Each structure stands twice: as structure tokens, then as C-alpha cells.
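Enquirer: Structure provided below as C-alpha cells; questions to follow.
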Amino acid sequence: DANSMANTIKTTGKVAVYGIYFDTGKSELKPESLNALIEISKMLKADPSLKLYVVGHTDNVGTFDSNIKLSMDRAAAVINALVTKHSVNAANLKPFGNGPCAPVATNETAEGKALNRRVELVKQ
């Protein structure tokens, strides 16, 4: 929820959000992402001075270049949804695509790949 995300950002400078979903190889947000987007918008509205990098991450399936582009497109899609549908200030958000360069688990298992496909909110 918004409070736990804010506390994690205050403590570690970032938070991984696993409630944002995309189809494989696509950058359109799935409807199941709505709850996570609502909580992110609550957090940002509670602290209007908070500026974040919205960082897209992928697993290592596909080419490096396609994963970098995909992760950037996904980060931009999250920002677009927050701005257009949840009235978040666009000036406080910047997208970045990290692709497969910062895994948090092995890409050798389905579970690891799932953990690596994420969006992180990083304090600017």
C-alpha cells in the first residue's frame, strides 16, 4: 500500500512494485495493475515534493536491445497512466529502462524471471 511504499523509499531509496502487469513483450498496462497504480498515486499525492524515477526491469528473454526498449516503454506507460488517469504531477516522474541489467533473482527459473520483471520507484 501507499504507506509501506513510502516507508521503504524513505529507508532504502527505492521500492519494487510487483502489482504492475504487462503481457509478454508488450508495454500496455493490464487492468490488474489498477490497484498498484492507485497506491502509487496516493503515495505521490501525500508527498507532493517526492520525485521518482520509474524504472522498468525485464528478465533476460529476448535480445538486450529489445529488453532495454521494452523496459523503457513500460516505465513510460506507468507514468502516462499515473498522470492521465490518477492526476499525478508529471514533473515529479522520470522513466528509465534498465532491461535485464539489475536482476534480483536468477533468470534460470520461472520464479526468478517473474521477480526480475518489475517496476521500481527510485527516489531522485
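The values are calculated or read from the model by the stated rules, or taken from the named source; none is laboratory data. Owing to the predicted nature of the structure, the values given are computational and were not obtained by experimental measurement. For neighbour counting, all protein chains shown are included, and Cβ atoms are generated from backbone atoms with ideal geometry for every residue, glycine included. Keep in mind that these areas ignore ligands, DNA and RNA; they rest on the heavy atoms of the full protein, side chains included. Shrake-Rupley method; radii C 1.70, N 1.55, O 1.52, S 1.80 Å.
Enquirer: Is there a residue in region 3-20 that is touching a helix residue (DSSP H, G or I) at 6+ places or on another chain (Cβ under 9 Å) and at positive phi?
Expert: No, because not a single residue in region 3-20 is touching a helix residue (DSSP H, G or I) at 6+ places or on another chain (Cβ under 9 Å) and at positive phi.
Enquirer: Follow-up question, since we're still on this one. Please enumerate the residues belonging to region 12-23 that are without any contact (Cβ under 8 Å) to a residue 12 or more places away in the chain and part of a loop (DSSP other than H, G, I, E, B).
Expert: Result: D23, single match.
Enquirer: Would you confirm whether any residue within region 97-105 is among the aliphatic types (A, V, I, L, M), within 16 Å of M72 (Cα to Cα), out of contact with any Leu (no Cβ under 7 Å at 6 or more places or on another chain) and surrounded by fewer than 17 Cβ atoms within 10 Å (Cβ to Cβ)?
Expert: yes
Enquirer: Can you name every residue in region 82-96 that is open to solvent by 80 Å² or more (accessible area, probe 1.4 Å), under 22 Å from K30 (Cβ atoms) and either part of a loop (DSSP other than H, G, I, E, B) or among the charged types (D, E, K, R) (or both)?
Expert: Once the filter is applied, which keeps residues that are open to solvent by 80 Å² or more (accessible area, probe 1.4 Å), under 22 Å from K30 (Cβ atoms) and either part of a loop (DSSP other than H, G, I, E, B) or among the charged types (D, E, K, R) (or both), region 82-96 yields K85, S87.
Enquirer: Here's a follow-up. Could we say that N98 is within 13 Å of the chain's Cα centre (by Cα), more than 21 Å from A6 (Cβ to Cβ) and among the polar types (S, T, N, Q) here?
Expert: yes
Enquirer: Scanning region 106-115 for residues that are open to solvent by 60 Å² or more (accessible area, probe 1.4 Å) and in a helix (DSSP H, G or I), which turns out nearest to M72 (Cα to Cα)?
Expert: Within region 106-115, the match that is nearest to M72 (Cα to Cα) is L115.
Enquirer: Among the listed residues I68, I38, I9, I79, identify the single one that is touching a residue at least 60 places away in the same chain (Cβ under 8 Å), surrounded by 15 or more Cβ atoms within 10 Å (Cβ to Cβ), out of contact with any Cys (no Cβ under 6 Å at 6 or more places or on another chain) and part of a helix (DSSP H, G or I).
Expert: Of I68, I38, I9, I79, the one residue that is touching a residue at least 60 places away in the same chain (Cβ under 8 Å), surrounded by 15 or more Cβ atoms within 10 Å (Cβ to Cβ), out of contact with any Cys (no Cβ under 6 Å at 6 or more places or on another chain) and part of a helix (DSSP H, G or I) is I9.
Enquirer: Sort out which residues of region 44-65 are open to solvent by less than 10 Å² (accessible area, probe 1.4 Å) and either closer than 22 Å to N3 by Cα or assigned to a helix (DSSP H, G or I) (or both), and write them in order of number.
Expert: Of everything in region 44-65, those that are open to solvent by less than 10 Å² (accessible area, probe 1.4 Å) and either closer than 22 Å to N3 by Cα or assigned to a helix (DSSP H, G or I) (or both) turn out to be L52, V54, G56.
Enquirer: Does region 23-41 contain any residue that is of a type outside the set (G, A, S), over 19 Å from A6 (Cα atoms) and in contact with a helix residue (DSSP H, G or I) (Cβ under 6 Å, 6 or more places away or on another chain)?
Expert: yes
Enquirer: Restricting attention to region 12-35, and to residues there that are touching a Gly at 6+ places or on another chain (Cβ under 9 Å) and among the small types (G, A, S), which single residue is surrounded by the fewest Cβ atoms within 10 Å (Cβ to Cβ)?
Expert: Residue satisfying both the conditions and the ranking: G25.
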